[in-house]
1. Going by average Cβ neighbours within 10 Å, how do the peptides 251-262, 527-538, 300-311 rank, with the highest at the top?
2. For ARG64, what residues show an amide H to amide H distance below 5 Å, using hydrogens built from the backbone and excluding near sequence neighbours?
3. Please give the FRET efficiency for ALA203 paired with ASP158, using the beta carbon to beta carbon distance and R0 = 45 Å, rounded to the nearest 0.05.
4. Normalising by the residue count of the stretch 224-269, find the relative contact order in percent from Cα pairs under 8 Å and 6+ residues apart.
5. Could you run the Karplus curve 6.51 cos²θ - 1.76 cosθ + 1.60 with θ = phi - 60° over the stretch 239-245 and give me ³J(HN,Hα) per residue in whole Hz, x for Gly and Pro?
6. What list of ³J(HN,Hα) values in whole Hz, one per residue of the stretch 337-348 in order, does the Karplus curve 6.51 cos²θ - 1.76 cosθ + 1.60 (θ = phi - 60°) give from phi, with Gly and Pro shown as x?
7. Which percent of the accessible area of the stretch 280-380 is formed by carbon and sulfur heavy atoms (probe 1.4 angstrom)?
8. Between HIS48 and ARG528, what is the spin-label point distance in nm, taking each point 7 Å from the Cα along the Cα→C-beta axis?
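The values are calculated or read from the model by the stated rules, or taken from the named source; none is laboratory data. Since the model is a prediction, treat every value here as computed from it, not as a measurement. Heads up, the Cβs are rebuilt from the backbone with ideal geometry, glycines too, and the neighbour counts pull from every protein chain shown. Side chains are part of the model used for accessible areas, which takes the heavy atoms of the whole protein and leaves out ligands, DNA and RNA. Shrake-Rupley method; radii C 1.70, N 1.55, O 1.52, S 1.80 Å.
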Amino acid sequence: INAEYMGRKLGQQFASLHLLMSVISLQFGPWSNFTGTHFWNLEEEEFHCSGQSEHEQHRSVFHRVDTTAHGLLSTPRLILFDAKGSLGTLRRDGGLDVASREILTWDATKVETFEQPPATKNEFLQQLDADEKEDHEISEDEAFRKRMQREVQKSATDYQLESTVQFWSDFSQVYLNRKTIVEIGGVFPDTFKLHSAAQSVWADEQLRDDVTDRLRFFAEECDSLSAFHITLDENSGWLGVANHVVTELCDDYPRKCVLAWGLSHTRLPLVTPENTALKAELTAQHAINRTFACSKFLENCSAYIPISIDNFSAAAFPQLNFRNESPYHTSAVLAALVNTVLAPQRLPAGSVAVADIVASLIPQSSLKLCRLLGRFGDAAWLAGGNVAGQRPPPTATASTSSSSCRFANWLNPQCPSTLPFLSDFSCSPPSTSPQLPLRRYMVLRGIDQSRADTEGAAYHLLERQPRCRNFCVAVPSPVVMNPSFPKFFRTPVETLGEFHRGVVPCMSLLQNDSALVPSLVSAANLCRSVSVRLQARSAGISFEELDENFEAILSLASQMYED
């Protein structure tokens, strides 16, 4: 079956069902919550700037409707996990004013209260509070007119968030349901390094019951639950928490798609006599967590995309004034790429659900590892054809090989036979030999051209490796950057709409191949060394578990190489 035909068939098959196919999102750990906050901000901005109705955008896939004291409000269908004390100025109930509060069964006047001074909100959050208060005090028509003026002003204001953001809540623009936030006590960075650290956390029966109740709350209100979308901090104890929760998901909701992104920050210090032991400890920690993620955790996933935060560098994004050590910056880039991957689910016709993405990538149940590659539209891209409708790229028609070839060469003028213009954000080291992918899923968004022409050119670009099955989708709308998105573009970006929001084209590619195998096997072999095994045992990980993970990695590597 032709890859292009297969992709369009998938889109037609699910197009009539997407309004009923809901997704529950879960986030584990601070890096994931930074990424998730940017993701939900982008989702909110896309909806407000598109001019489409919720029905046209399939907004109910990732969102739900809450009844508040001021009417109906759309909130993410989300459960996020973080340590106590990591919410900043955000209330534990998500800041949502529900229409009816729970009735107290005790006398509040007889309780002695010890209150800690609240954290100070930055200028951006203060502006959001002031806007909300003003909207409640004036008429609906006046509030709409004021809101238009404020949004234009926000687009032109630099809130200096790069220097003021400490928590992910410091730039969150969305309301969260009271069932969304799960705070876990006793979690400290110095002791929450390995996945085994989650054992003591998950031993709390009250926490387990609370998580089960939250999952049931969101699942039971879905017309048809189709998938779970998960982001987790891989190189920490949050991997263990995620594994416990996902194991429960698979028991309670079998045959549901689970798409997971594992974020890893593994930059090691330079070797000096003073930090040799520290570097060895960090290397062992990464190896232990990586082998567990790609063996035990992988068993319960439909697809798993490990991502190295270290690969989000200035070299990967030359058009950005980028700081790799800033979670505010790296999470914004990753959120834009993930948002691009999932953007086709909002298409009015031929939309692509999370389950469709996984089906297009995973040929067998055992080959679940994929890589993320991507690129922002830079000055050269925008010069060829930008979202504002200036000089378009060469005409590309799916049925015309020569025009498609010209479009592919425009995308990649230096070496059109490969894809070097896409930066690799996986945890695999640079490869000297070309990798033959099994399947690829590409999303091009913000190209000023018809959807059919863009998809035809993309297929032509990808199908230079004929054994690979490709699934390409073009999304006309670019990434719409909200006021809390980092101002890290070196050159001015195009603006769009009445709010004058910055917009940028983006390309994301998920690829199923064997490029991750060498680093996985290396990590598994390291876990067989005496020093690492002793470190693991001191953290509560048995030798038997390490050996099982090692055998699982070798089996996975063998299957991926064979295919």
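1. 300-311, 251-262, 527-538
2. Excluding prolines and chain starts, which carry no amide H, the hits are THR75, ARG77.
3. Step by step, r from the Cβ atoms, then E = 0.45.
4. Result for the stretch 224-269 is 59 percent.
5. My calculation for the stretch 239-245 gives 4, x, 4, 4, 5, 4, 5 Hz in order.
6. 5, 5, 4, 5, 4, 8, 4, x, 5, 9, 5, x
7. Reported share for carbon and sulfur atoms: 56 percent.
8. Output for this residue pair reads 5.6 nm.
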